[in-house]
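Novice: Structure below; questions to follow.
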Amino acid sequence: MEVDVLIVGAGPAGSTTARFCAGGGSDVLMIDRRGEIGHPVQCGELLPHVEEMYTIFPESDHLEELFDIPSALVHGESEHIDMVSPGGRTYRSEFRSHILDRRSFDKHLSKLAVDAGARLETGVSLLGLKDGVAETTMGPVKAKVVVGADGPNSRTAREAGLENPSLRYPAVTCQAKGDFGTDVKMFFGSVAPGGYAWIIPKRGSANIGLGFDPHVFRGTPRAAFESFVRTLGCTCADLTMGIVPMSGPVPSTVRGRILLVGDAAGQTMATNGGGIPTAMMAGRVAGRTIREHLAGSCRLEEYEARWRKVMLSPLRTSVRTRRMADMVFGNDRLLGAAMFVLGRRGLDRAIRCKPLLL
C-alpha cells in the first residue's frame, strides 16, 4: 500500500494532524492499535477553557477553531482548581475548564479527520519503519511522510532514531459515581510522591486518579492509587493505567520524512500533566506543515520551528518549575512550606506554566 501520509496513533495529536493535512487530493491514513478509538480512557479528561489556553500560550491564535467542543461531549464545567497541601491547606485558583467524556471526544476528533478526507484503520500496530516503508500488522505501507502520534513510548520515534521523553510518570485513573461538587481538586505530598492526585468532577461522577515520579516513590501505581481512594471512601470502576511524559519536549521532533506530535514529542505541560490541548495545537501545526510540504511549498523541518514559536517557552517554563518542585517533593513538611511561601498567586502561575517569580 502507498499513501502520502501515514499517521501512527489516532488520539488527539494524530487525529488533529490528519484533519489539517487531509484533503486537496492527499491520501492520509491513520492507524491505531486500539480496537476502539478513545478506549481505554487514560487521563483526567480536563480541557482548559480556550481563554485559559490563550493565557498559557500567548503566541497562539485561532484556538476557537480547535476547541469548539460539542456540548454533548462536555460532562462538567469547573471554575476553580483547589490545590491541597500535605497538611490539608487549600489554595484556590480561578481556572475555567471543561470536563470531557474523553471516550466520545477522541471519537469526535477522529471523525473530524475522516470527514476532512483521512482514512482510519483500527486494530493495526506499527512493527517497524525503514526508508519510508512502515511494516504494520495490516502489511507494509509506503508513505511520503510518517507521523508518530503514538504516545510517550513511541515506537515511531525509536524506529526513526529520535528520542522518547526521558521522564515518564505512571498514572492511574478511574470513574467514580457520586456527587463531587464542581471544583477540580489536586492533592500534593505523600499521597502521590513527586506528582499529585486529583478529583475532577463530572455530572453524577468524577474522574479520580494520580500520577507520581517513579524516582521518588518506589511503590506500585495501583497500590498508591488504592491508598488514595480509601481516603475518599468511594468505589471506582474502569480503572486504567497510563504514562505521562514530564521531561518536556524531546530535542528533535523531525528527522527526514518522520515527525513526532503530542506525547510522542513530549509536548506536555510538566506542572499539571495536561497534554490534550498541546497535542491538538501541535497537531494543527503538523497537519498544515505537511500539507504545504506535499504541495512543494515548504520543508518538513518547518514544523519544528513553527510549534516551538508558539509552545516551547511555556513548556520549558513548566519543566523548570517541576525541577524546582522536585527539591521539596520528597518531604511533606518542606513541600507544605514551599506551597505556603508561593501562596495562591505563585501556585496559580505554576499551573499556567508561568515563571514563579516576576
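The values are calculated or read from the model by the stated rules, or taken from the named source; none is laboratory data. Remember, predicted model here, so these are calculated numbers, not experimental data. Positions of Cβ are backbone-derived with ideal geometry, glycine not excepted, and every protein chain shown enters the neighbour counts. Note: areas computed on protein heavy atoms with side chains; ligands, DNA, RNA excluded. Shrake-Rupley method; radii C 1.70, N 1.55, O 1.52, S 1.80 Å.
Novice: Arranged from highest to lowest average of other beta-carbon atoms within 10 Å per residue, in what order do the peptides 106-118, 323-335, 140-152, 278-290 appear? Before the final figure, lay out each step's value.
Specialist: Details: 106-118: 19.8, 323-335: 15.6, 140-152: 23.8, 278-290: 27.1.
Top to bottom by mean Cβ count within 10 Å: 278-290, 140-152, 106-118, 323-335.
Novice: How far is helix 221-232 tilted off the main Cα axis of the chain, in degrees rounded to 10, range 0 to 90?
Specialist: The angle comes out at about 50 degrees.
Novice: If R₀ is 56 angstrom, what is the calculated FRET efficiency for the pair Arg89 and Lys111, using the beta carbon separation as r and rounding to 0.05?
Specialist: Values: r = 44 Å, r/R0 = 0.79.
Efficiency computed from Cβ-Cβ geometry: 0.80.
Novice: May I ask you to evaluate 6.51 cos²θ - 1.76 cosθ + 1.60, the Karplus curve with θ = phi - 60°, for each residue of the stretch 250-260 and list the ³J(HN,Hα) values in order in whole Hz, giving x for glycine and proline?
Specialist: Once rounded to whole Hz, the list reads 5, x, 9, 10, 9, 8, x, 9, 10, 9, 10.
Novice: Using amide H atoms built in the peptide plane, which far-off residues or other-chain residues are under 5 Å from Glu77 H to H?
Specialist: Ile99
Novice: Now for a separate question. Can you give me the % of accessible surface on the chain that is carbon or sulfur? Probe 1.4 Å, all protein chains present, nothing else counted. Write out the running numbers ahead of the final one.
Specialist: Working: 7720 of 15190 Å².
Carbon plus sulfur share of accessible area: 51 percent.
Novice: Same structure, new question: Once you measure Cβ to Cβ distances between cysteines in the chain, which Cys have no partner under 4.7 Å?
Specialist: So, Cys21, Cys43, Cys234, Cys298, Cys353.
Novice: Note the angle between two axes, namely the Cα long axis of helix 102-116 and the longest principal axis of the Cα atoms of the chain, as a number of degrees from 0 to 90, rounded to the nearest 10.
Specialist: 20
Novice: Mind checking the per residue accessible area of the chain for me, 1.4 Å probe, whole number of Å²? The partial results should precede the final answer.
Specialist: On the way: 15190 Å² over 358 residues.
That works out to 42 Å² per residue.
Novice: Right, another one. Between Met327 and Thr231, what length comes free when the chain is fully extended (0.36 nm per residue of separation minus the Cα-Cα distance, one decimal in nm)?
Specialist: Gain in length upon complete extension: 31.9 nm.
Novice: Here's a follow-up. If you fit an axis through the alpha-carbon atoms of helix 12-21 and take the longest principal axis of the Cα set of the chain, what angle between them do you get, 0 to 90°, nearest 10?
Specialist: Helix 12-21 sits roughly 30 degrees off the main axis of the chain.
Novice: Can you work out ³J(HN,Hα) from phi for every residue in the stretch 191-197, in order, using Karplus 6.51 cos²θ - 1.76 cosθ + 1.60 and θ = phi - 60°, giving whole Hz and x for Gly and Pro?
Specialist: 4, 8, x, x, x, 7, 9
Novice: Can you show me the helix-derived [θ] at 222 nm for the chain, built from DSSP H runs with n ≥ 4 at -39,500 (n - 2.57) apiece and divided by the number of residues, rounded to the nearest 500.
Specialist: On the way: 9 runs with 109 residues, N = 358.
So the helix-based figure for the chain works out to -9500 deg cm²/dmol.
Novice: Please list 3J(HN,Hα) in residue order for the stretch 282-298, calculated via the Karplus relation 6.51 cos²θ - 1.76 cosθ + 1.60 where θ = phi - 60°; whole Hz, with x for glycine and proline.
Specialist: My calculation for the stretch 282-298 gives 5, x, 5, 4, 4, x, 5, 5, 4, 4, 5, 4, 5, 7, x, 9, 7 Hz in order.
Novice: What fraction of the DSSP beta bridges in the chain is antiparallel, stated in percent and rounded to the nearest 5?
Specialist: 70
Novice: Can you spot the lysines whose alpha carbon is less than 21 Å from Lys144's alpha carbon? Ignore those fewer than 8 places along the same chain.
Specialist: Lys130
Novice: Now, a different point. Treating only the Cα positions of the chain as identical point scatterers, give the base-10 log of I(q)/I(0) from the Debye formula at each q in 0.08, 0.12, 0.13 Å⁻¹.
Specialist: Debye output, listed in q order: -0.37, -0.84, -0.98.
Novice: Further question on the same structure: So who's got an amide H within less than 5 Å of the one on Met138, skipping anything under 5 residues away but keeping other chains? H placed 1.01 Å off N, in plane.
Specialist: Here the answer is Ser125, since their amide H atoms fall under 5 Å of that of Met138.
Novice: Rounded to whole Å and ordered largest first, report the semi-axes of the equivalent ellipsoid of the stretch 92-203 derived from its Cα gyration tensor (root of 5λ). The partial results should precede the final answer.
Specialist: Numbers: eigenvalues 257, 85, 29 Å².
Calculated on Cα positions only, the semi-axes equal 36, 21, 12 Å.
Novice: Run the dipole for the stretch 250-358 about the Cα centre, Lys and Arg Cβ at +1, Asp and Glu Cβ at -1, nothing else charged, and hand back the magnitude in debye, nearest 20.
Specialist: Details: 19 positive and 8 negative charges, 55 e Å.
Dipole of the stretch 250-358, to the nearest 20 debye: 260 debye.
Novice: Under 5 Å between amide H atoms, partner at least 5 residues away or on a different chain: which partners does Glu2 have, H built in plane at 1.01 Å?
Specialist: Hits under the 5 Å cutoff: Lys142.
Novice: Okay, moving on. Could you order the peptides 128-135, 19-26 from most to least packed, using the average number of other C-beta atoms within 10 Å per residue? Please report the intermediate quantities before stating the final value.
Specialist: Working: 128-135: 15.4, 19-26: 19.9.
Peptide ranking by packing, descending: 19-26, 128-135.
Novice: Right, here's the next one. Just tell me which lysines come within less than 21 Å, Cα to Cα, of Lys185; anything on the same chain fewer than 8 places away is out.
Specialist: Lys177, Lys202, Lys354
Novice: Moving on to the next point. With unit charges on the beta carbons (Lys and Arg positive, Asp and Glu negative) and the dipole taken about the Cα centre of the stretch 9-95, which residue among Met53, Val84, Ile31 sits farthest to the positive side?
Specialist: Looking along the dipole axis, the top candidate is Ile31.
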